[in-house]
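The values are calculated or read from the model by the stated rules, or taken from the named source; none is laboratory data. Given the structure is predicted, the values throughout are model-derived calculations rather than measurements. Glycine gets a Cβ as well: all are built from the backbone with ideal geometry, and neighbour counts include every protein chain shown.
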Amino acid sequence: MVMVSWNWWAPVRTCTLPCGTTNNAGGRLYIIIKWVLVPANEVQFTQVKYDFQQVQAPRLAGLLLKLFTILIEAPLIGSLITGYLKKQNKMNEMLRNTVIPEPPMFKPEYPPQEQEAGVVDLEEEGKPEDRVKSALRCLPHHDPAGRWNSKSTSFRYWKIRDYAYAYRSGLTTPAMVAENVISAVEECKNMVPQIPLLISFDVEEVRKQAAASTQRFEEGRPLSILDGIFMAVKDDIDCYPHPSTGGTTWLHNVRPVNKDGVAVSRLRSCGVIFVGKTNMHELGLGATGMNPHHGTPRNPHDPQRYTGGSSSGSAAIVASGICPAALGSDAGGSIRIPASLCGIVGLKTTYGRTDMKGTLYSPGTVEVIGPIASSVDDVMLVYAAMLGSSPADKISLRPPIPCLPNLSSGAGSVDSLPLRLGKYTEWFNDVHSPDISDTCGKVLTSLSEIHGCEIVDITIPEIQQMFMAQVVSYGSESLCSLVPQCQNGEYKKLALDSRIPLALFQSLSASDYVAAQRFRRRSMYYHMEIFKKVDVIVTPTTGMTAPTIHPSALSCGESDLEVTGNLMKFSVTANVLGFPAISVPVGYDKQGLPIGLQLIGRPWGEATILRLAAAIEQQWQEPKKKPIIYFDILKAD
Ligand SMILES: *[C@@H]1O[C@H](CO)[C@@H](O)[C@H](O)[C@H]1NC(C)=O
């Protein structure tokens, strides 16, 4: 009988179970001590202590980064280093020395959910154009003519409905706007410092699509409100005829693209014009958006800072006004983080809500694709067009009918359906600068004062374990997709900072993977308990605002796990457990950098978080700051 006390993580309970395994080997008695967890449904939430530990690691760049990469990939020293790193981060303790009573959950599994109130159903099997039509009838009032003729100097982004109005009133054409888009993209490329928004960009391809759209307007038969709307697609989502490099220099050579990904083809059938493939953190293996091969996109609010990643180019192209919307992908916050850092809106959909066919890592269990746009309205329009589960997910997940809040009717507003918002105060406040928690906290206060939302204190056990489950799941899945390439030695062409996590992922065992999936089931249990008491979990989107780009990082990259940890601090829940989550801009810190608030919804609960996001957007009356890099694409002379 071995007694162990559980002191460094959540399920606070002294374990008095027989924990030792005795083994008679070579005449000597070995005792292997294991932690034994109490079942998730016996964990006392009131006794859980917050002790989410930040990754501690030195920032590496230049020669040091090179040396470290060589060492971590070396046969013997490498395993010593990965072993050390795993020990430092308590990975072995959690994954190998713990008895976890739950069976593994290999992908998000949800109990049946109640239909949300005040919503409009969207026909999943129907035509994307028809869904967009319904979505349009859910949007709050907007006066594009007034906006077009307004002399007001306060800054606002052009909405999709402004473009649609301008095309339909003959004020401009998609072909004319295309020229503005093309010159803006080229201007960014030639700026000092350079802003490489797109990895693949073909001027003639843009003109061809714009001409076809212009002709449809001339003939009076636009395909939908999205006809003639310019969008960019992250470079890990297929968009024919562009290659998908995933931010690498070689992947497109071994993985040719011969058609659109499913979501892209749905958008195309609505008349969307695809500008090109956006820059990204290589293979999505980082959260800053740094890319030494294709150049690092700059934050439109401060070109000396990162956009956040990995959907860096998608966020930057929307925040700088060049496209009203873009597609991103999110396996650990990659849509929400850059949306937050660039002051725009990013929606991570429920796992299984969209079809991942024609994306780099499909099929996986943590990554989904979703829209990034400058307003909640526009996110809703793009989401309506692109959604629809894959045939396999329909069988295993049984997704309920997708729906949207009807924001044009009083019955669909937050006021008539007050929401209970869950806040884990210690986590919420565990941010790099109090500007973030103060700003986000003020939004909650006014939601309760103005809209009657109830703020409920919650506790979330095992956040650290959930973080690790994301790393192990995403790591193993991305590695599995890359194994053939890695065996060809091609991974040596990856940036140094991408090779370090890959080396770590390669050191994980099959049993580590299973253990992580057991934690996934525990976490799902905790969250489903929490969702009995609240409708939405609210957190800041990131633990810090846009980090500074060190000049040393630009040529050969950098590894800064502390920054990565701060950026990802609140995002992985939605990936490990598949929940929908949205980031909405809510203000600026003292340096004028955007702050985002994250809303995490119940499984399939996109409508609820969109409803709340729309209320927050509307309530935030302060004038928005015009980004330093901004193009007035629609009305440019
Ligand atoms: C939303 O509500 C408004 C006002 O009641 C109604 O006109 C509109 O048709 C509704 N939208 C949909 C898609 O049903």
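Looking only at region 382-435, count every residue that is within 30 Å of residue 592 (Cα to Cα), within 16 Å of the ligand (Cβ to nearest atom) and assigned to a strand (DSSP E or B) and tell me the total.
Residues flagged as within 30 Å of residue 592 (Cα to Cα), within 16 Å of the ligand (Cβ to nearest atom) and assigned to a strand (DSSP E or B) within region 382-435 amount to 0.
Considering only residues of region 132-150 that are within 15 Å of the ligand (Cβ to nearest atom) and in a helix (DSSP H, G or I), which is surrounded by the most Cβ atoms within 10 Å (Cβ to Cβ)?
So the residue we want is 132.
Across region 223-243, what is the total count of residues that are surrounded by fewer than 20 Cβ atoms within 10 Å (Cβ to Cβ) and farther than 25 Å from residue 280 by Cβ?
Residues meeting the conditions: 1.
Here's a check for you: in region 187-196, which residue that is in a helix (DSSP H, G or I) and within 27 Å of the chain's Cα centre (by Cα) is surrounded by the fewest Cβ atoms within 10 Å (Cβ to Cβ)?
My answer is 189.
From the set of residues in region 271-298 that are in contact with a His (Cβ under 9 Å, 6 or more places away or on another chain) and of a type in the set (D, E, K, R), which is modelled with the highest pLDDT?
The selected residue is 277.
Report, by residue number, each residue of region 98-126 that is hydrophobic (A, V, I, L, M, F, W, C) and away from the ligand (no atom under 15 Å from the Cβ). Step through it out loud before you land on a result.
At the first step, the residues of region 98-126 found to be hydrophobic (A, V, I, L, M, F, W, C) are 99-100, 105-106, 117, 119-120, 122.
Once the filter is applied, which keeps residues that are hydrophobic (A, V, I, L, M, F, W, C) and away from the ligand (no atom under 15 Å from the Cβ), region 98-126 yields 99, 100, 105, 106.
What about residue 292, is it part of a loop (DSSP other than H, G, I, E, B) and surrounded by fewer than 24 Cβ atoms within 10 Å (Cβ to Cβ)?
The answer is yes for residue 292.
The conditions are (1) in a helix (DSSP H, G or I); (2) loosely packed, with under 15 Cβ neighbours inside 10 Å; (3) within 15 Å of the ligand (Cβ to nearest atom), and residue 129 fails exactly one of them. Which is it?
Answer for residue 129: the failing condition is (2).
Do we have any residue at all in region 157-170 that's within 16 Å of the ligand (Cβ to nearest atom), farther than 30 Å from residue 471 by Cβ, among the small types (Gly, Ala, Ser) and without any contact (Cβ under 8 Å) to a residue 60 or more places away in the chain?
no
How do the helices (runs of 4 or more DSSP H) wholly within region 463-550 filter down when requiring 3 or more residues that are charged (D, E, K, R) and buried (at least 20 other Cβ atoms within 10 Å of the Cβ): which remain? Step through it out loud before you land on a result.
Values: elements: 463-487, 496-506, 510-533.
In region 463-550, the matching helices (runs of 4 or more DSSP H) lie at 510-533.
Within region 336-379, how many residues turn out to be part of a helix (DSSP H, G or I) and touching a residue at least 60 places away in the same chain (Cβ under 8 Å)?
Looking only at that region, the number is 9.
Checking residue 95 against (1) within 16 Å of the ligand (Cβ to nearest atom); (2) in contact (Cβ under 8 Å) with a residue 60 or more places away in the chain, which single condition isn't satisfied?
(1)
Among the residues of region 275-318, which ones are within 19 Å of the chain's Cα centre (by Cα) and of a type in the set (S, T, N, Q)?
Matches in region 275-318: 278, 279, 288, 291, 296, 299, 307, 310, 311, 312, 314.
Check 375, 437 and return the single one that is within 25 Å of residue 322 (Cβ to Cβ) and touching a Phe, Trp or Tyr at 6+ places or on another chain (Cβ under 9 Å). Walk me through how you get there before you give the answer.
Working: 437 fails: within 25 Å of residue 322 (Cβ to Cβ).
Just a single option satisfies the conditions, and that option is 375.
Are any of the residues in region 323-335 more than 12 Å from the chain's Cα centre (by Cα), assigned to a loop (DSSP other than H, G, I, E, B) and assigned by TED's automatic domain parsing to the domain that holds residue 591? Walk me through it before giving the result.
Within region 323-335, the subset more than 12 Å from the chain's Cα centre (by Cα) is 323-326.
From what is left, the residues that are assigned to a loop (DSSP other than H, G, I, E, B) are 323-324.
Adding the requirement that they be assigned by TED's automatic domain parsing to the domain that holds residue 591 leaves 323-324.
Yes: region 323-335 contains one or more residues that are more than 12 Å from the chain's Cα centre (by Cα), assigned to a loop (DSSP other than H, G, I, E, B) and assigned by TED's automatic domain parsing to the domain that holds residue 591.
Does at least one position in region 390-400 carry a residue that is closer than 30 Å to residue 108 by Cβ and touching a strand residue (DSSP E or B) at 6+ places or on another chain (Cβ under 7 Å)?
no
For residue 373, indicate whether it is of a type in the set (Gly, Ala, Ser), under 24 Å from the mean Cα position of the chain (by Cα) and within 16 Å of the ligand (Cβ to nearest atom).
no
For the structure I just gave you, tell me whether residue 607 is hydrophobic (A, V, I, L, M, F, W, C), assigned to a loop (DSSP other than H, G, I, E, B) and touching an Asp or Glu at 6+ places or on another chain (Cβ under 7 Å).
No.
Does residue 124 qualify as being in the same structural domain as residue 376 (by TED's automatic domain parsing), among the acidic types (Asp, Glu) and at pLDDT 95 or above? Break it down stepwise before answering.
Working: in the same structural domain as residue 376 (by TED's automatic domain parsing): yes; among the acidic types (Asp, Glu): yes; at pLDDT 95 or above: no.
Judged against the criteria, residue 124 is not a match.
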